[in-house]
Amino acid sequence: MITVYGIPNCDTVKKARAWLTAQGVDHTFHDFKKLGVPVAELDQWLAALGWEAVLNRKGTTWRQLDEATKAGVTDAASTRALLLQHASAIKRPVVRWTDGSLSVGFDGGAWQQRV
């Protein structure tokens with residue numbers, strides 16, 4: 001089963017979920033707001049994708065952080081600590097595919113190759 005991680009009001013998450021549904025692909029949704037960030041999964045995302053790919057530096061949450069906090073995010077450990085406090089700073093969606101691989105963000109063309 002494909003698992004999509006994110007927040008329900010995120011436009012990119014909405015597009016990704018709608019795309020999967022339109023393709024007839026069964027998937028589950030893990031809502032960070034209701035269920036929190038799964039710590040073990042976050043650790044796997046950081047290891048597999050790299051902290052720079054998982055951290056959303058373009059979003060509102062990042063922009064609202066004070067400069068000292070932003071400057072302190074320099075590696076996987078500091079990113080992990082930030083993302084556990086601010087789930088909305090995770091780039092979305094994070095997807096665990098049926099083969100166990102991971103992706104971040106939505107790209108319909110690339111996803112077409114996976115389903």
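Some points to look at:
- Some residue of the stretch 25-41 being modelled with pLDDT of 95 or more, closer than 21 Å to Met1 by Cβ and touching a Phe, Trp or Tyr at 6+ places or on another chain (Cβ under 6 Å): yes
- Any hit, the stretch 66-74, residues being out of contact with any strand residue (DSSP E or B) (no Cβ under 9 Å at 6 or more places or on another chain), assigned to a helix (DSSP H, G or I), surrounded by 12 or more Cβ atoms within 10 Å (Cβ to Cβ) and of a type outside the set (Phe, Trp, Tyr): yes
- Count of the stretch 75-111 residues, restricted to those that are in contact (Cβ under 8 Å) with a residue 60 or more places away in the chain, over 12 Å from Val54 (Cα atoms) and in a helix (DSSP H, G or I), is 2.
- Single condition Val4 does not satisfy, out of (1) under 22 Å from Val115 (Cα atoms); (2) free of Cβ contacts under 8 Å to residues at least 60 places away in the same chain; (3) out of contact with any Ser or Thr (no Cβ under 6 Å at 6 or more places or on another chain): (2)
- Of Gly109, Gly50, Gly59, all but one fail to be at pLDDT below 95 and either in contact with a His (Cβ under 7 Å, 6 or more places away or on another chain) or surrounded by 13 or more Cβ atoms within 10 Å (Cβ to Cβ) (or both); the exception is Gly59.
Yes/no per residue for (1) over 13 Å from the mean Cα position of the chain (by Cα); (2) farther than 19 Å from Val115 by Cβ; (3) aliphatic (A, V, I, L, M):
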{"position": "Gln23", "(1), (2), (3)": "yes, no, no"}
{"position": "Trp45", "(1), (2), (3)": "no, yes, no"}
{"position": "Leu55", "(1), (2), (3)": "no, yes, yes"}
{"position": "Arg63", "(1), (2), (3)": "yes, yes, no"}
{"position": "Ala68", "(1), (2), (3)": "yes, yes, yes"}
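- All positions within the stretch 1-48 that are among the acidic types (Asp, Glu) and closer than 14 Å to Phe106 by Cα: Asp11
The values are calculated or read from the model by the stated rules, or taken from the named source; none is laboratory data. Please read all numbers here as calculations on a predicted model, not as lab measurements. All Cβ positions, glycine included, derive from the backbone under ideal geometry; neighbour counts span all protein chains shown.
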